[in-house]
Amino acid sequence: MFNDVDEKYAYDGDDLGAVYSKEKTVFKVWSPLAREATVLLYKSCTDEKPYRKMPMTKDRYGVWCKEAHGDLNGVYYTYLIRHDDITEETIDIYARTAGVNGAMGMVINLEETNPAGWGDYELPPLEHYTDAVIYETHVRDFSSDDSCRFCYRGRFLAFVEKGMINSAGDKIGIDHLKELGVTHVHLMPSFDFQTVDEADVHKPQFNWGYDPLNFNVPEGSYSTDPFNGKTRVVEFKRMVHALHKEGIKVIMDVVYNHTYATSDSPFNKTFPKYYYRQWGEYYANGSGCGNEVATERAMVRKFIVDSLCYWAKEYKIDGFRFDLMGLYDIDTLNIIYEKLHAINPGIILYGEGWTGGDSPLDWTKRAMKLNARHTPNYGFFSDDFRDTVKGNNFENRSKGYVNGAAGIEDYIKEIMCGRIPHPQIPNLDKFAWTLNPCQTVNYVEAHDNLTLWDKLSYTNPTDSVDVRKKMDKMAAAMVLLAQGIPFLQAGQDFLRSKPLPGGAFDHNSYKSPDAVNSIKWNRKTEFKDVFLYYKGLIEFRKAHPAVRMYTAEMIGKNMVFFDRLPQHIVGFGLYGDSELEEIAVFFNPTSYDIKLHAFGKSNVYIDGDRAGNVPLYTVEGDYNIAPYSAMVMGRPYPVPENTDDNTEQPLE
């Protein structure tokens, strides 16, 4: 049925929704099988009755239209759509902003929402995905803890507040992000989601936001006035602008794979069942959330592409992370890349290469990790990396390399080279899921499941805090020294924890209170050495191209694993760097010193305690790698002899 709809009614115009000018607003909604459609206008988003009803006219391709003269800026609206004998009122799925709880769209003059200086800057493009250092955070978590004194706790505007400190005087908030050195902030869902009551934001309530309602509208509970549709737009832009002024790019976490509501969602009220996949008469549930969106249908694909392009252009978003990307069809993702790359050549795209359940979408068409080679411009979260480093993500006491698993040195080599084929790793060409390190997102912690620190508390309960800190630092070194894209969760750099009463830890805090989810900024001072270590790792990574190579050919040529190392030890050399002739990296997950021998002098930049891009000390001859630690040494290029001038010598 819907194939016929696509063939007959697919529409390629860029004018769906409410297109505003001071002289008139043109309303357009695509609903080709509807019998009637009406625009309802409201003066307030809390009004029960509209002050004006305007019947719409059905145009070509099933688009219903109405032109309303006069300046409607700030007027709220809905559509009344009749299918057969059922008439339902719904928000416009293309609405640019909304009133409280997303029930009504609002006509808006977007030119009035731009912050001062909004058009005066352009950030340098991201040349390669591997140049990014991504920091995932939740808008509410960022500023909601009782230890903070943010004026805008839990709001978009907390990211604008500079000069914020914790109780010990250490930088927090946006100043912390700048100090740490991350390149991108990944915002967990910040579009309009359904389960937080925006009408009473002061009552205890929390959600991660993976329960979509209005995809083109900023979340109202993060604004200072959820009843005013303009406020959330202005404040979201101010947040982006503040981060951009600090040189930090913004990635949005997007959830087009499902909606919170199903039968009564705005999609279904606009065009019943078209936007969702079915098993016969039943809604498919590959998301595990009650439904899954049919990305392969023409007007569903158009909606997703239009929405992403809108965020990229109107809000200057620098990247997108796709939830349950395995529910998207491959063709749609490749079209998305083409459209977004035309807007911003430096945009970064990545996501979860799996589903939440079975789907009617043929597995060969799914944007799964195993199909990654068919979406070469997308990164995929590497669960291989995560589980190899710290242990199985779904078994609390399962151990990985840093916390006690033995005999997995070969797996460490695989993940450190981006899990792409490497000449020194037999058979990896048969099992590698990608040929491109820019497709590998390396991480050991994200909002889902246990934090790394809580995982170590389960796997190594008898080890001291100092020993577990060393394990954490080594895991961080592996993330930031591996080929691929490094990804951190906010607060990971000072041992983020989500404790529960009774001594357990929260592994799925999607609706847990602020007491569990908020970033505890005082921990930055308590674990200052850990923060400085992460900061130093980022400094080193950003300074050395050899740590962030972006093609398989570069890695095969310039990354060499060392043979004949002691049991449990992994080491490799990196070549072709612009600053150092050779970078040597070692990992020691054992409880004892490992003695090795250096051929010539090398500067140590990273050891078990400290990290950075300034040499800590020099080793020559025998040296030790401390227990539970990484060591990174660099040998400078030799000084040219008998040169007649001081000009810099070109590198081969």
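The values are calculated or read from the model by the stated rules, or taken from the named source; none is laboratory data. Quick caveat: nothing in here was measured; it's all calculated off a predicted structure. Note that we place each Cβ from the backbone using ideal geometry, even for glycine, and neighbour counts take in every protein chain shown.
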Check: Residues of the range 416-441 being assigned to a helix (DSSP H, G or I) and either in contact with a Pro (Cβ under 8 Å, 6 or more places away or on another chain) or crowded, with 19+ Cβ neighbours inside 10 Å (or both), which ones?
Finding: 416, 428, 429, 437, 438, 439
Next item on the list: Could you please tell me which pairs satisfy a Cβ distance under 6 Å, a separation of 6+ or placement on different chains, a first residue in the range 331-360 that is within 18 Å of residue 132 (Cβ to Cβ), and a second residue that is crowded, with 16+ Cβ neighbours inside 10 Å and modelled with pLDDT under 95?
Entry: none
Check: Among all residue pairs at least 6 apart or on different chains, which show Cβ distances below 8 Å where the first residue, located in the range 113-128, is surrounded by fewer than 10 Cβ atoms within 10 Å (Cβ to Cβ) and the second is in a loop (DSSP other than H, G, I, E, B)?
Finding: 124/346
Margin query: Suppose we keep only residues that are part of a loop (DSSP other than H, G, I, E, B) and among the aliphatic types (A, V, I, L, M) within the range 190-242. Which one would you say is surrounded by the fewest Cβ atoms within 10 Å (Cβ to Cβ)?
Written below: 201
Next item on the list: Look at residue 380 and say whether it is in a strand (DSSP E or B) and either surrounded by 16 or more Cβ atoms within 10 Å (Cβ to Cβ) or in contact (Cβ under 8 Å) with a residue 40 or more places away in the chain (or both).
Entry: yes
Next item on the list: Count, please, the residues in the range 34-45 that happen to be assigned to a strand (DSSP E or B), in contact (Cβ under 8 Å) with a residue 40 or more places away in the chain and closer than 14 Å to residue 108 by Cα.
Entry: 1
Next item on the list: Would you confirm whether any residue within the range 542-558 is surrounded by 19 or more Cβ atoms within 10 Å (Cβ to Cβ), within 14 Å of residue 477 (Cα to Cα), modelled with pLDDT of 95 or more and aliphatic (A, V, I, L, M)?
Entry: yes
Checklist line | Total residues in the range 1-33, condition part of a strand (DSSP E or B), touching a strand residue (DSSP E or B) at 6+ places or on another chain (Cβ under 8 Å) and buried (at least 17 other Cβ atoms within 10 Å of the Cβ) | finding: 7
Next item on the list: Pull up the range 138-147, narrow it to residues that are surrounded by fewer than 23 Cβ atoms within 10 Å (Cβ to Cβ) and in contact with a Phe, Trp or Tyr (Cβ under 9 Å, 6 or more places away or on another chain), then point me to the one that is farthest from residue 184 (Cα to Cα).
Entry: 147
Item checked: Matching option when the condition is at pLDDT 95 or above, surrounded by 24 or more Cβ atoms within 10 Å (Cβ to Cβ) and within 28 Å of residue 561 (Cα to Cα), among 473, 413 -> 473
Item checked: Scan of the range 267-301 for residues that are under 14 Å from residue 360 (Cα atoms) and of a type in the set (A, V, I, L, M), ordered by number -> 284, 293, 294
Check: Is it fair to say residue 102 is at positive phi and crowded, with 16+ Cβ neighbours inside 10 Å?
Finding: yes
Next item on the list: Inspect the range 255-264 for any residue being within 21 Å of residue 308 (Cα to Cα), of a type outside the set (Asp, Glu), buried (at least 18 other Cβ atoms within 10 Å of the Cβ) and in contact with a Cys (Cβ under 7 Å, 6 or more places away or on another chain) and give the result as yes or no.
Entry: yes
Check: How many residues are surrounded by fewer than 23 Cβ atoms within 10 Å (Cβ to Cβ) and not in a strand (DSSP E or B) if we restrict to the range 580-595?
Finding: 4
Check: So is residue 493 modelled with pLDDT of 95 or more, farther than 30 Å from residue 421 by Cβ, buried (at least 23 other Cβ atoms within 10 Å of the Cβ) and in contact with a helix residue (DSSP H, G or I) (Cβ under 8 Å, 6 or more places away or on another chain) or not?
Finding: yes
Check: Scanning the range 229-251 for residues that are in contact (Cβ under 8 Å) with a residue 60 or more places away in the chain and out of contact with any helix residue (DSSP H, G or I) (no Cβ under 7 Å at 6 or more places or on another chain), which turns out nearest to residue 153 (Cα to Cα)?
Finding: 240
Item checked: Scan of the range 292-321 for residues that are assigned to a loop (DSSP other than H, G, I, E, B) and closer than 15 Å to residue 341 by Cα, ordered by number -> 316, 317, 318
Next item on the list: Out of 94, 152, 79, 61, report the one residue that is touching a Gly at 6+ places or on another chain (Cβ under 6 Å), at pLDDT 95 or above and either surrounded by 14 or more Cβ atoms within 10 Å (Cβ to Cβ) or within 19 Å of residue 261 (Cα to Cα) (or both).
Entry: 94
Check: Applying the selection to the range 174-188, what residues are without any contact (Cβ under 8 Å) to a residue 60 or more places away in the chain and under 18 Å from the mean Cα position of the chain (by Cα)?
Finding: none
Notebook entry, point to check: Could you say whether any residue in the range 596-609 is assigned to a loop (DSSP other than H, G, I, E, B), surrounded by 19 or more Cβ atoms within 10 Å (Cβ to Cβ) and under 34 Å from the mean Cα position of the chain (by Cα)?
Noted result: yes
Next item on the list: Give the range 551-579 a look and list any residue that's closer than 11 Å to residue 483 by Cα and either of a type in the set (Gly, Ala, Ser) or in contact with an Asp or Glu (Cβ under 8 Å, 6 or more places away or on another chain) (or both), or say none.
Entry: 552, 574
Check: How many residues are surrounded by fewer than 24 Cβ atoms within 10 Å (Cβ to Cβ), out of contact with any strand residue (DSSP E or B) (no Cβ under 6 Å at 6 or more places or on another chain) and either in a loop (DSSP other than H, G, I, E, B) or of a type outside the set (Ser, Thr, Tyr) (or both) if we restrict to the range 454-469?
Finding: 10
